Structure formats: structure tokens, C-alpha cells
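Take a look at the structure set out below.
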Amino acid sequence: MKDMEFDDTLDATGLLCPLPVLKARKRLQGLQSGAVLRVLADDPAAIIDMPHFCTEAGYTLVSQSENGAAQTYLIRKS
């Protein structure tokens, strides 16, 4: 399966709640509608926070994956 393309990457590894979500919000504000942001995180709370953030902010969580402690989120700006 081919990886989905993305327009920008936010490396939020090493950051704890609420910083991954806050930084994602700021980065998404600078992107055009339809753009996809890839967020890399390792905060255990991000597993709950990222989907909730997308729902509340009106963004689409395209995919969410985990590889050990590392997490990858693809978020499409509406």
C-alpha cells in the first residue's frame, strides 16, 4: 500500500500535552484548505488528543498509526 502524500510535516516528538495539538493547530492555520499535515508524536496523550482536536476544529483525521511509542497522524485542513 502506497503511503498517502502530505504537504507539510510537524515533528512533535519529545513534546508533552498540550504542545503537539497546539503546534498542529498553528501549523494548520498556515496551510491552504485541502492540504495534509503529517504530525509525528510520541506523547501517549496524543492518541486521544489528536482525534479530539480534529473533531472539535473541523479537520479530517485521514489516518492514525502507531509504531511502538511513535505515532503518525495525517490531518487534512477543511
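Derivation of every value follows stated rules applied to the coordinates shown; laboratory data play no part. What you see is a predicted model; the values in this text were computed from it and never measured. Quick reminder, even Gly has a Cβ in these numbers, built from the backbone with ideal geometry, and neighbours come from all protein chains shown.
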If I take every Cα pair under 8 Å that is 6 or more residues apart in the chain, average their sequence separation and divide by the length, what percent do I get for the relative contact order? 34 percent
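Would you mind working out the magnitude of the charge dipole of the chain relative to its Cα centre, with +1 at each Lys and Arg C-beta and -1 at each Asp and Glu C-beta, to the nearest 20 Debye?
Numbers: 8 positive and 10 negative charges, 56 e Å.
Dipole magnitude for the chain comes out near 280 debye.
Going by a ≥ b ≥ c, the root eigenvalues of the Cα gyration tensor, does the chain fall in the rounded group (a/c under 1.5), the prolate group (a/b larger than b/c) or the oblate group? Could you put the intermediate results ahead of the total?
Numbers: a/c = 1.57, a/b = 1.18, b/c = 1.33.
Oblate shape, in that a/c is at least 1.5 and b/c is the bigger or equal ratio.
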How about segment 1-74: which trypsin sites (Lys or Arg not before Pro) there are in a DSSP loop, with at most 15 other Cβ atoms within 10 Å of their Cβ? LYS2
